[in-house]
Amino acid sequence: MIHPNLINPKSILVVGGSNNVHKPGGKLVDNLIKGNFKGTLAVVNPKEDYVQGLKSYRSIELTSGFDLVFLAIPAKYCLATVEYYVNLGTKAFIIISAGFGEVTEEGKKNEQKIAQIISDAGGTLIGPNCIGIINENYHGVFTTPIPNLSKEGCDLISSSGSTAVFIMEKAVSVGLRFSSVITVGNAAQTSVEDVLAYLDTHFDPQTSSKIIMIYVEDIHEPPKFLKHAASLIEKGCKIAAIKAGVTEAGSRAASSHTGAMASSDMVVRALFRKAGIVYCSSREELITVASIFKYRKLMGPNIAVITHAGGTAVLLTDSLEKGGLQVPAIPDAIGQELKTYLDAGSSVKNPIDFLATGTADQLGIIIDYVEHKMDFIHGMVVVFGSPGLFNVKNVYQVLNVKMDVCSKPIYPVLPSIINAQQELNYFTSTGKINFPDEVGLGTALAQVYYRTLPQNSTIETPEVDVPAIRKILKNVEDGFLDVAVVKALLDAVGLPQVADLETDRLDKAKDFAKEIGFPLVMKVVGPVHKTDVDGVSVGLRRMEQVEAEFSRLMQINGAKSVLIQPMLSGIELFIGAKREKQYGHLVLFGLGGIFIEVFEDVRAVLGPCKKQEILGQLQKLKGYKILKGYRGKEGINIDLFIEYIMRVGALLRAAPEISEIDINPLFAVGDEIRAVDVRVKVKQ
């Protein structure tokens with residue numbers, strides 16, 4: 001819960017403020033003064049009576065209560081200082097000091113004590129180890145730049161203060177504006193999701209920012225993050241986010257295909273998709289996506305590339321089409337008519353290249369043609385730099401006007417940040433945003449266009465036999481479940497399985513072989529990784545082979561029994577799931593066999609999941625054409641595959657103690673899909 005005094009205090013005290021603006025406490029005071037804070041502003045400094053013209057108290061005991069207290073003092077003094085001001089009724093604290101949990105375990109305990117004291121008093125703590133907050137009420141940071149704030153700008157929430165500074169520096173240079181900046185540092189009490197919750201519960205469609213940028217290092221409460229991010233997007237906001245630290249292997253066990261592939265990055269991407277957030281991998285990408293959000297919505301995938309630099313247009317076209325957008329050819333009739341207005345040698349096929357000699361008037365004509373005579377085009381990218389030989393301000397003026405009057409979005413790539421610096425300054429001063437890198441724009445534009453809508457609404461799950469599931473799992477121990485238990489679970493959720501027999505007796509194995517007929521598959525039961533111990537025999541066609549392979553498999557170290565199945569053919573599929581700490585279950589699916597072994601061609605959703613979510617991810621598989629049917633070969637029943645994925649999801653909801661499921665392969669032939677090899681792991 002964020003206290004109102006943090007956002008709009010009437011009085012601010014800086015403990016540790018100084019006259020030295022090259023130190024955090026001094027620069028913080030300088031920024032607060034220059035930010036024209038309208039309330040009472042004072043300082044505590046044991047050596048000064050006045051700091052930068054403000055009243056300075058030589059000890060905290062000489063001060064009364066303040067709405068908001070900044071601490072810019074050594075970490076070891078912060079606990080006692082917080083205790084003192086909590087007793088005076090202060091409800092908001094920002095600790096910019098470092099030396100806490102980011103350094104030592106003792107520092108972690110110290111910040112936890114501070115957070116608890118403030119929480120018990122109904123207050124709010126930002127930090128420690130943060131740069132602070134910038135909003136329309138006060139500029140409470142010890143860094144620069146301080147961007148010009150606008151209600152039409154972006155809200156930036158960042159775990160890292162330095163990263164927030166780097167984002168602001170780059171964003172300001174391209175013309176992106178801010179509404180507020182909140183850094184949470186160590187997030188001892190207030191996390192990124194807490195800030196999202198505040199923005200959500202206090203959202204005003206008339207005054208709140210509609211664009212949110214997030215840099216987050218730890219998502220402490222994924223359900224809370226999902227709830228408020230999705231809610232904000234449903235209210236009309238657009239969110240772009242970076243989640244740092246997604247490549248750590250952590251403690252996940254590679255005991256199955258699912259365990260080996262379910263990475264932190266996959267989980268975060270699934271969470272962001274479910275919320276409707278655009279996932280970004282870098283600061284540049286975050287800024288580019290937020291900048292795209294500021295322009296008109298792209299209503300279709302077809303882009304016209306307008307340029308006077310051929311090489312740049314090729315790079316841009318490649319990045320657009322790699323992302324799934326299109327740069328369609330322009331019909332000859334329209335192209336030849338347009339060409340009469342351009343210099344000889346211009347190309348009008350798309351990209352439209354009007355050469356280095358192209359003028360502002362010609363640019364205006366091209367844009368008008370695309371806007372009014374090319375209904376099949378949905379947006380434009382204009383690339384126009386400068387060799388430094390002449391002023392291009394008139395070109396940027398035309399571009400500025402056209403961006404205002406055209407109904408189709410126009411994205412400007414103005415790469416000459418040195419040669420045309422003055423002209424660029426004019427362009428961004430009008431409120432427009434520049435994209436200096438065409439490849440980054442092309443990649444981000446595709447991500448924005450294909451972003452998903454929030455998926456946290458009511459989930460309809462297939463009916464499964466929950467009482468039976470609970471009875472089956474009632475007394476099981478942690479670890480991989482026996483084959484018979486797994487079979488019973490799949491029966492309870494309605495997932496068809498291939499006929500099989502698990503036995504440690506050769507006579508029963510031979511009887512079953514006679515019953516189901518040849519060819520057969522035999523697998524050792526016991527070792528987790530069967531193939532690693534040569535524990536799978538396929539294509540058995542004679543009883544002598546059954547006898548020999550049964551004997552060999554039972555001699556493998558750790559063997560308990562042998563599983564016998566008919567040998568099936570068809571398209572191999574895969575369904576898996578893994579429980580991911582606070583996130584819940586990640587459900588994975590794709591093609592099995594070599595596609596999962598070598599290409600890892602899988603997609604994932606965060607459970608509980610909707611049918612449309614699953615279909616959207618299936619369509620992104622490299623092998624999706626195989627599922628649909630390819631070059632005369634029969635595909636699979638995709639609706640049935642989706643239903644079985646949802647049935648696995650329903651099992652996970654009924655049995656949250658399941659930590660891992662690996663169904664690989666399922667064989668699909670026409671309208672039939674059957675599970676062949678299934679492993680289920682339980683951990684309470």
Subtract the Cα-Cα distance of Ser282 and Ile638 from 0.36 nm times their separation in residues, and report this length gain in nm to one decimal. 124.6 nm
The chain: calculated mean residue ellipticity at 222 nm from DSSP helix runs of at least 4, using -39500 (n - 2.57): -11000 deg cm²/dmol
Toward the positive end of the charge dipole of the chain, about the Cα centre and with charges on Cβ (Lys, Arg +1; Asp, Glu -1), which of Ala309, Ala356, Ile212 goes farthest? Ile212
Under unit Cβ charges (Lys, Arg +1; Asp, Glu -1), what dipole magnitude, rounded to 20 debye, does the stretch 571-682 have relative to its Cα centre? 320
Taking the highest mean first, how do the peptides 384-396, 283-295 order by number of other beta carbon atoms within 10 angstrom per residue? 283-295, 384-396
Selection from His529, Thr503, Gly517, by position along the positive dipole direction of the stretch 466-566 (Cβ): Gly517
Specify the angular offset, from 0 to 90 degrees and rounded to the nearest 10, of the alpha carbon long axis of helix 360-373 from the longest principal axis of the alpha carbons in the chain. 40
How large is the dipole of the chain about the Cα centre if only Lys and Arg carry +1 and Asp and Glu carry -1, each at its Cβ, rounded to the nearest 20 debye? 720
For the chain, averaging the sequence separation of alpha carbon pairs under 8 Å that lie six or more residues apart and dividing by its residue count, the contact order in percent is 9
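Full extension from His220 to Ile516: what is 0.36 nm times the residue separation minus their Cα-Cα distance, to one decimal in nm?
101.3 nm
For the chain, what does the alpha-carbon gyration tensor say about shape, rounded, prolate or oblate, given a ≥ b ≥ c as the root eigenvalues, a/c under 1.5 as rounded, and a/b over b/c as prolate?
oblate
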Please give the FRET efficiency for Lys683 paired with Tyr341, using the beta carbon to beta carbon distance and R0 = 56 Å, rounded to the nearest 0.05. 0.20
Cα gyration tensor of the stretch 571-682, axes a ≥ b ≥ c as square roots of the eigenvalues: rounded (a/c below 1.5), prolate (a/b > b/c) or oblate? prolate
Using only Cα atoms, locate the centre of the stretch 495-551 and the centre of the stretch 1-44, then give the distance between them in Å, rounded to an integer. 75
For the stretch 407-508, the convex hull over Cα atoms projects on average to an area in nm² of 15.8
Contour minus Cα-Cα distance for Val401 and Asp375 (0.36 nm per residue): 7.3 nm
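Relative contact order of the stretch 139-293, please, whole-number percent, based on alpha carbon pairs below 8 angstrom and at least 6 residues apart. Each step should come with its number before you reach the end.
Details: 246 pairs, mean separation 35.6, N = 155.
It comes to 23 percent, rounded to a whole number.
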Starting from the Cα gyration tensor of the stretch 303-449, take the square roots of the eigenvalues, sort them a ≥ b ≥ c, and report rounded, prolate or oblate (rounded when a/c is under 1.5, otherwise prolate if a/b is larger than b/c, else oblate). rounded
Cα to Cα, under 29 Å, and not fewer than 8 places away if on the same chain: which lysines meet these conditions relative to Lys625? Lys274, Lys322, Lys578, Lys610, Lys611, Lys633
Under a point spin-label approximation (7 Å from Cα along Cα-to-Cβ), what is the Val476-Thr357 distance to one decimal in nm? 7.7
Loop only by DSSP, 13 or fewer other Cβ within 10 Å of the Cβ. Give me the trypsin sites (Lys or Arg not before Pro) in the stretch 30-124 that pass, ordered by residue number. Lys38, Lys47, Arg58
Projecting each Cα onto the charge dipole of the stretch 6-65 (Lys/Arg +1, Asp/Glu -1 at the beta carbon, about the Cα centre), which of Gly16, Tyr57, Leu6 comes out farthest on the positive side? Leu6
In the chain, what percentage of the DSSP-assigned beta bridges are antiparallel, given to the nearest 5? 50
Sequence ranges 463-471, 563-571, ranked by mean other-Cβ count within 10 angstrom, highest first: 563-571, 463-471
Evaluate the charge dipole of the stretch 466-566 about its Cα centre and quote only its size in Debye, nearest 20, assuming +1 on the Cβ of each Lys and Arg and -1 on the Cβ of each Asp and Glu. 200
Here the percent of antiparallel bridges among DSSP beta bridges lying wholly in the stretch 4-128, to the nearest 5, is 10
Which of the trypsin sites (Lys or Arg not before Pro) across the stretch 612-642 are loop residues per DSSP, with 10 or fewer other Cβ within 10 Å? Arg631
FRET efficiency for Lys349 and Lys151 from the Cβ-Cβ distance with R0 = 60 Å, rounded to 0.05, comes out at 0.90
For a Förster distance of 45 Å, can you work out the FRET efficiency between the beta-carbons of Arg542 and Glu321, rounded to the nearest 0.05? 0.25
Quick one: helix 483-493 against the long Cα principal axis of the chain, what's the angle to the nearest 10°, folded into 0 to 90? 60
Column: log10 I(q)/I(0), Debye, Cα scatterers of the stretch 466-566, q = 0.21, 0.23 Å⁻¹: -1.07, -1.19
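Quick note: the coordinates plus some simple rules give every number you see, no bench work behind them. Predicted, not measured: the structure shown is a model, and the values here were computed from it. In this analysis, Cβ positions are derived from the backbone assuming ideal geometry, glycine residues included, and neighbour counts consider all displayed protein chains.
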